[in-house]
Amino acid sequence: MNRAVKIGIAGTCTALLVAGGLGTYNLLHGLTGGTAGDRSEEAGFDPSTVSTTPPSDTEAVKLARTFLDHWSGRRFDGAARITDAPDTAAQALRQYKDGLHLQKLAFTQVRPAGPSAATPGAAKVTFTVTARVPGGSWSYPSAVAVRKSGNGATAVHWNNSVLYPGLGDDQSLTAGTLPAGASDATVVAGDGKTDLTTFASLRDIAATIRQNAKATGGRPGTGIAVVGADGTGVKTLKTFTKGRAPVIRTTIDARLQSAAEAAVQDPHLGGRPAGTVALDWSNGHILAVAHTGDDGDIAINGIKSPGSTMKIVTAAALFDKAGLTPASPAPCTDSLMANSQLFHNDPGVKPNEGSSLAQAFAVSCNTSFIKDGFHYLVHDGDASALHDEAVNVFGMGSWSIGGGVATTDPSVPPDAQGGDQAAQFIGQGRVSATPLFMASVAATVRNAGFRQPVILPGQHQESAPRPISPRTAGYLRSMMRATAASGTAAPRLGGLPGVGAKTGTAEEGDHTNGWLTAYGSRIAAAALVEGGSSGVDSAGYVVRHLLTAG
């Protein structure tokens, strides 16, 4: 049967004298024996001809008391012979005793309870079990079902719930030091004490980490527990001495996480689904993850076209592969035809034929980046330059952030065709990303180097094949600072010291999504708002919360 002890909760009333008397059933009889139940056994219960008519209350209680009497007197074979599965019952009753290190057992309040709802054709008998084990006493209500066969013989119907209500066939009971269970560890923030389950956005993440990461510290308590077939704790039933749960420390900053939870609920978003991630840009530690909506965690798995936030990577490719600078020409026209596809700017972007790349970045001119990207980065139909920059400099790929937490990989296809060859440079077409990745892009710029995001300290971090050049990082920081101070991000981030940013608005079906990624003195953050009219007027509110809190 099961290992460890199967908690005995079935039978009826029997031994354990309790001071003051609890109507304890026939202690003397339980210790010396008795043959009342043997007559049922001798009658020959036939499990193949079970009657559909339950035995009478008198018959059921009489047999149940005999069964419990044998059990409390440790006459396990005698108790088992009164059941409809003698071999299984005998082994289980012994395991119950051994697993609980049972010192004394008593059954009280043995009463008929009418027909059994769980076992058709059986009568139910309820009772209270009191078990004395090392550390203390434990009481619980239980019941057995008594059946009658066609020849009139009766028997206790055996299953593991006779030992303890609801005990599974692959479960057993143990008493003493409580076993380590999958749910015992507390997943905490970087402060070592704040439980991540106090944050709505992190409950699923905490549950996953608890199942997959190694806990440290803690002290087990003592009591009684249900254990599984592998010996892992399933449920604590009784605690005699409290222990201290081991902990799994994460990189989460409790104060910043609180700010992130509030940020995605900002009333300016109108209840739209939102997701945000904040990183320590110096080391890649994930400091906050928050989201709303019914489609899962869009902060780390909301794979969408990132819109103009991708212009950070496009600009980096133009600097690295084409030798451009922020002062290089990047004419901003109302529209542009590329590979037979017509592209427009967002409303409010004024044409400027004399625009520089830095100016085009600050106002987020699509046509400027498509024109320069298509001219300098697509050669003989090969449009893989943006993919190479995203992988080699910004670390795009399959990340493991730790603790078994799944994240969705971003994508910049190396084989863009047709209109996608131009659309990729403004974060449209087949380009996709998550707030997690876009926060990492901003972090790479500010740190002048990629640090793969992780949620567990000490988790392995993949490195980028090529570090971002100081020249490129410097150019990008200057353009992102200008965007925050006087460009498209200024309505939300203007006036915040040391901040660089890039906004984005991406078309998706019949609506747009708002994006914004930025860095500050300590953190890099990105946000996505599904249905946001623009990046600054949706995601901008979320990121501002984080930058002012971080």
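The values are calculated or read from the model by the stated rules, or taken from the named source; none is laboratory data. Note that this is a predicted model, so its numbers are computed, not measured. Note: ideal-geometry Cβ built from the backbone for every residue, glycine included; neighbour counts use all protein chains shown.
The residue that is farthest from residue 372 (Cα to Cα), counting only those in the stretch 276-302 that are part of a loop (DSSP other than H, G, I, E, B) and either outside the structural domain of residue 476 (by TED's automatic domain parsing) or at pLDDT 95 or above (or both), is 292.
Every condition in (1) touching a strand residue (DSSP E or B) at 6+ places or on another chain (Cβ under 6 Å); (2) modelled with pLDDT of 95 or more; (3) hydrophobic (A, V, I, L, M, F, W, C); (4) under 21 Å from residue 146 (Cα atoms) holds for residue 50 except the one numbered (2).
Take residue 378 and tell me if it is in the same structural domain as residue 536 (by TED's automatic domain parsing), in contact with a helix residue (DSSP H, G or I) (Cβ under 8 Å, 6 or more places away or on another chain) and surrounded by 22 or more Cβ atoms within 10 Å (Cβ to Cβ). Considered against the rule, which asks whether it is in the same structural domain as residue 536 (by TED's automatic domain parsing), in contact with a helix residue (DSSP H, G or I) (Cβ under 8 Å, 6 or more places away or on another chain) and surrounded by 22 or more Cβ atoms within 10 Å (Cβ to Cβ), residue 378 comes out as no. The set of residues from the stretch 245-275 being at negative phi and in a loop (DSSP other than H, G, I, E, B) comprises 245, 246, 250, 251, 252, 253, 264, 265, 266, 272, 273. Taken as a whole, the structure places residue 147 among residues that are among the basic types (Lys, Arg) and farther than 21 Å from residue 75 by Cβ.
Within the stretch 284-300, the set of residues being in contact with a helix residue (DSSP H, G or I) (Cβ under 9 Å, 6 or more places away or on another chain) and more than 17 Å from residue 395 (Cα to Cα) comprises 287, 288, 289, 290, 291, 292, 295, 296, 297, 298, 299.
Within the option set 77, 87, being more than 43 Å from the chain's Cα centre (by Cα), over 15 Å from residue 164 (Cα atoms) and assigned to a helix (DSSP H, G or I) holds for one residue only, 77. Check the stretch 83-92 and report whether any residue there is at pLDDT 95 or above, farther than 30 Å from residue 241 by Cβ and buried (at least 24 other Cβ atoms within 10 Å of the Cβ). Within the stretch 83-92, one or more residues are at pLDDT 95 or above, farther than 30 Å from residue 241 by Cβ and buried (at least 24 other Cβ atoms within 10 Å of the Cβ). Residues considered: 256, 287, 269. Of these, the only one that is more than 16 Å from residue 192 (Cα to Cα) and out of contact with any Lys or Arg (no Cβ under 7 Å at 6 or more places or on another chain) is 269. Tell me, please, whether a residue that is at pLDDT below 90 and in contact with a Pro (Cβ under 6 Å, 6 or more places away or on another chain) can be found in the stretch 225-248. Yes, that holds for at least one residue. Condition check for residue 464 on (1) closer than 19 Å to residue 516 by Cα; (2) hydrophobic (A, V, I, L, M, F, W, C); (3) surrounded by fewer than 24 Cβ atoms within 10 Å (Cβ to Cβ): one failure, at (1). Which one is surrounded by the most Cβ atoms within 10 Å (Cβ to Cβ), of the residues in the stretch 211-234 that are at negative phi and without any contact (Cβ under 8 Å) to a residue 40 or more places away in the chain? Top of the filtered list is 215.
From the residues in the stretch 294-328 that are free of Cβ contacts under 8 Å to residues at least 40 places away in the same chain and either more than 25 Å from the chain's Cα centre (by Cα) or surrounded by 24 or more Cβ atoms within 10 Å (Cβ to Cβ) (or both), which one is farthest from residue 359 (Cα to Cα)? Only one residue tops the list, namely 323. Residues of the stretch 100-147 that are of a type in the set (A, V, I, L, M) and within 17 Å of residue 225 (Cβ to Cβ): 100, 102, 129, 131, 133. Scanning the stretch 48-74 for residues that are under 29 Å from residue 231 (Cβ atoms) and in a loop (DSSP other than H, G, I, E, B) turns up just one, 74.
Whether any residue in the stretch 143-152 is surrounded by 16 or more Cβ atoms within 10 Å (Cβ to Cβ), more than 25 Å from the chain's Cα centre (by Cα) and free of Cβ contacts under 8 Å to residues at least 60 places away in the same chain is what I want to check. Looking for residues that are surrounded by 16 or more Cβ atoms within 10 Å (Cβ to Cβ), more than 25 Å from the chain's Cα centre (by Cα) and free of Cβ contacts under 8 Å to residues at least 60 places away in the same chain, one finds at least one in the stretch 143-152, hence yes. Filtered by the rule that a residue be of a type in the set (Asp, Glu) and under 15 Å from residue 539 (Cβ atoms), the stretch 257-289 gives a lone residue, 266.
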